[in-house]
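In what follows, a single structure is set out as structure tokens and then discussed.
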Amino acid sequence: MVKAIRVHEVGGPAQMRFEDVEVGDPATGEIRIRHTVIGLNYIDVYFRTGLYPAPSMPMGIGMEAAGIVEAVGDGVTHLAAGDRVAYAGGPTGSYAEVRLFPAEKAVKVPDAVSDEQAAAMMLKGMTTEYLVHRTYECRAGDTVLFHAAAGGVGLIAGQWLKALGVRAIGTAGGPEKCAQAKQYGYDEVIDYNSEDFQARLMELTDGKGVPVVYDSVGATVWEKSLDCLQPRGLYVNFGNASGPVPPFAPGILSGKGSLYMTRPTLMTYTATRADLELSSSRLFDMVGSGKVSIEINQRYALSDAAQAHADLEGRRTSGSTVLLP
């Protein structure tokens, strides 16, 4: 028997139980992984609360981890026992000491990347990759707005955008988080606790606005985010930290300048093995080259996952957070 976090009923952090579970041998196409480090992400909160529907109950939770392959099932040729691997994406269940996982969704971790880095960066880093390269192809000389600049994705994005020669304007809550975001590549950071971010953004762009807004906050910022866009600009809503964007009439987009909106997910952008390898290799290259460093500011025991969730939802974290089995 090994330990894992299980959710029997959706709700608050207290719904997560640290339980004994049984893990068998890998089936065809699977690997058995002993986790060394587990990543914490806001999407885990969405599953725990029921915002994203659970595949079944009781539910394993967590989407990201690094570890060692203990065994491989039939048909697995690209991985072997003893390999260091990492993954980000479904099926849920990374909050566990050991688990079975689809081999095609795991990638080898290069020697230049530690297990802690891998577990802290796979979901956030590959999210950054698809956002800045494939949802909207950021180019040198572009100016973009990135909400939650001091968050896990935000700190990676600031560095990545700087490496691309992009002028990145971020938002964050409070002087400390704003200062941190500036250290990680943002040219300007707007404190949304004390400033109207839309008005300040327009000042910083001489009234022109930006071609793309990246938003993982959702409900509290989405409408003003539209007002930050240039005509035919793109609003990218990839998270709901303050709640989901409410239903709205499509005419709002036309009235504000023939705008585009997309709601992407990492799972779609890494659905094929080719896309997964493209995204992970770009991430490993950026980290291995030193252009992007991974900020791990919080570490919790796996058994303390409920406290980690409470701190994440209470905005008491910054950068990346990991759980240690």
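FYI, it's all coordinate maths here, none of it is from the lab. None of the values given here were measured: they were computed from a predicted structure. Glycine gets a Cβ as well: all are built from the backbone with ideal geometry, and neighbour counts include every protein chain shown.
Things worth noting here:
- Packing-based order for 167-179, 242-254, using average beta carbon neighbours within 10 Å, highest first: 167-179, 242-254
- Distance between region 1-42 and region 231-255 - C-alpha centres, whole angstrom: 34 Å
- Neighbour-count ranking [beta-carbon atoms within 10 angstrom, fewest first] of Val153, Val10: Val10, Val153
- Of Lys108/Lys182; Lys177/Lys224; Lys108/Lys177; Lys3/Lys105; Lys3/Lys291; Lys124/Lys208, pairs whose Cα-Cα distance is over 26 Å: Lys108/Lys182; Lys108/Lys177; Lys3/Lys291; Lys124/Lys208
- Glu9, Glu104 arranged by Cβ crowding within 10 Å, fewest neighbours leading: Glu9, Glu104
- Sum of -39500 (n - 2.57) over DSSP H runs of 4+, divided by residues of the chain (222 nm, nearest 500): -8000 deg cm²/dmol
- Shape category assigned to region 213-318 from the gyration tensor of Cα positions, a/c cut at 1.5: oblate
- Among 86-95, 44-53, 185-194, the order from most to least packed when residues are scored by Cβ within 10 Å on average: 86-95, 185-194, 44-53
- Residue order for His133, His309, His8, fewest other beta carbons within 10 angstrom first, comes to His8, His133, His309.
- Rounded FRET efficiency, nearest 0.05, which uses the C-beta distance separating Glu137 from Arg273 and R0 of 30 Å: 0.85
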